[in-house]
């Protein structure tokens with residue numbers, strides 16, 4: 001089951017409405033095989049889709065941790081929701097639409113009461129608002145989706 005997070009900067013109001021995780025139709029078969037693999041709708045780069053589907057046909061393993069994820073630009077800190085997957089050693093490389101830097105995944109980290117912080121996965125680096133430099137987000141809405 002997936003989750004929807006509406007996140008807003010606690011100072012300036014910069015926000016993102018992110019659908020994270022997977023839904024009931026997100027079986028590996030629906031995403032990566034068949035006549036119309038769902039991956040075509042989930043990833044906006046057709047070269048990435050083509051490479052992933054080719055690797056699946058060659059028998060490479062699909063990692064279990066695929067799903068919608070939250071990404072941030074490590075340079076200008078804009079946030080994006082993108083579909084993460086891994087087939088063999090192949091993972092998508094998404095680029096910031098503002099500066100073309102490769103995006104990195106972020107995850108929720110503990111903040112102060114009523115706020116959350118976003119941390120770059122595998123790093124000690126925290127996200128900062130691209131507008132005001134603040135590092136705290138307020139979750140204005142949350143729900144599960146399938």
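The values are calculated or read from the model by the stated rules, or taken from the named source; none is laboratory data. Small disclaimer: the values here were computed from a predicted structure and weren't measured. Glycine gets a Cβ as well: all are built from the backbone with ideal geometry, and neighbour counts include every protein chain shown.
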Out of 11, 93, which single residue is out of contact with any strand residue (DSSP E or B) (no Cβ under 6 Å at 6 or more places or on another chain), at negative phi and modelled with pLDDT of 95 or more?
-> 11
Considering only residues that are part of a loop (DSSP other than H, G, I, E, B) and under 16 Å from the mean Cα position of the chain (by Cα), look in the range 97-146 and name the one that is surrounded by the most Cβ atoms within 10 Å (Cβ to Cβ).
-> 127
Flag if residue 76 is under 29 Å from residue 14 (Cα atoms), without any contact (Cβ under 8 Å) to a residue 24 or more places away in the chain and either out of contact with any helix residue (DSSP H, G or I) (no Cβ under 6 Å at 6 or more places or on another chain) or assigned to a helix (DSSP H, G or I) (or both) = no
Which residues, taken from the range 1-57, are in contact with a helix residue (DSSP H, G or I) (Cβ under 7 Å, 6 or more places away or on another chain), free of Cβ contacts under 8 Å to residues at least 24 places away in the same chain and assigned to a helix (DSSP H, G or I)?
-> 40, 49, 53
Residues that are in a loop (DSSP other than H, G, I, E, B) and under 12 Å from residue 39 (Cα atoms), drawn from the range 64-73 = 66
